[in-house]
Amino acid sequence: FYCYLVGVLLAAFIATHANHKWAAFWARPMPPLPAFLPAFLRPRFTRGEFAAMWVTKWLFIVSFIYWVHDHNFDGNYSPSNTGDTIGNTNSARWARSTGQIAVLALSLLMFAGSRESVMHKLLGTTWESFIWAHKALGYTMLIATVAHIGFWW
């Protein structure tokens, strides 16, 4: 997550200090998809939006794999400093993982929702054209939160 944030800030710094050709490249629309696809499967993203979407998608995938598989790999969870351990059940593991994904989505909501975000400078977009990302992250957070509650229940 922190590598993602540093990468976004570094790319935004480079974008604001680079020449206009580099910024114009990322602001250009992606090549159109085949016309036989329905309109909702042919969204019009800029190259920068498409790149940010893929990097963010991989951030979510890698984070989820880490929390499900690698975090607390020994299978014990110690809730106190006394050393008492309780077994880490599958539902508890999934509950913690979906909770962390909800927190991740919540932390990224401000990038897409703020009017003067570094993401807009980086991608060459406006606040109004990036609302779809804010909604997508909000729905992701909502779904992960409901799953988190369900797994704990």
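Determine Rg/Rh for the stretch 84-146; Rg is computed over alpha-carbon atoms and Rh is the Kirkwood hydrodynamic estimate from the same atoms.
Details: Rg = 15.8 Å, Rh = 13.1 Å.
Radius of gyration relative to Kirkwood radius: 1.20.
At 1.4 Å probe size, with every protein chain present, just tell me what the per residue accessible area of the stretch 87-153 comes to in Å².
Values: 3830 Å² over 67 residues.
Here the per-residue accessible area is 57 Å².
The values are calculated or read from the model by the stated rules, or taken from the named source; none is laboratory data. Nothing here was measured: the structure is a model prediction, and the numbers come from that model. What goes into the accessible areas is simple: the full protein's heavy atoms, side chains included, and nothing from ligands, DNA or RNA. Shrake-Rupley method; radii C 1.70, N 1.55, O 1.52, S 1.80 Å.
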